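Encoded as structure tokens, the structure appears first; notes follow it.
The values are calculated or read from the model by the stated rules, or taken from the named source; none is laboratory data. These numbers come from a predicted model, not from an experiment. Note that we place each Cβ from the backbone using ideal geometry, even for glycine, and neighbour counts take in every protein chain shown.
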Amino acid sequence: MLEVDPKNQAAQVMLLLALSDQCGDTGGAAMRAQQLAASLENEYERCYYSGLVAERRARAHLQRGGAATHGVYDWLMDALDYFERAERVRPAGNDDAILRWNTCVRVLQQHPELRPTGEMREEPLFLE
């Protein structure tokens, strides 16, 4: 679909969701998903899906455990920031960003061992 219509927002969202499901496998999938999220035209969707990619990445690494948890706190904080921004511009009646924000807070509460890395991330954060 994207070969025929590279600006198709629905197809971009589907691809970024599929890529973000692979965040635990490779950093490349997460980076590509984040790039797609940053290219979305709608500000709410740009913020919401950027947060979702960061959250999925954090959860994938948390699930792997051990050294893989390095950076999880930072990715969750990124997700919280994106969801907060999405909440400010959300369509009326759409509480998805609030629900995702609450989920990230619960993950942080359930894992008090998570701490900021204090270092630069291994990849850049794509902002608007």
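Filtered by the rule that a residue be at pLDDT below 70 and either within 24 Å of VAL72 (Cβ to Cβ) or touching a Lys or Arg at 6+ places or on another chain (Cβ under 8 Å) (or both), the range 6-33 gives CYS23, GLY24, ASP25, THR26, GLY27. If I filter the range 108-119 for residues that are at pLDDT 90 or above, farther than 22 Å from ALA11 by Cα and among the polar types (S, T, N, Q), do I get at least one hit? Yes - at least one qualifying residue is present in the range 108-119.
Against the test of being under 30 Å from GLN9 (Cα atoms) and of a type in the set (D, E, K, R), the options ARG64, ARG57 yield a single qualifying residue, ARG57.
Whenever a residue of the range 67-90 is charged (D, E, K, R), its partners that are crowded, with 22+ Cβ neighbours inside 10 Å and in a helix (DSSP H, G or I), lying with C-beta atoms within less than 7 angstrom and at least six residues away or across chains, give the pairs ASP78/ALA54; ARG85/CYS47; GLU87/ALA97; ARG90/ALA97.
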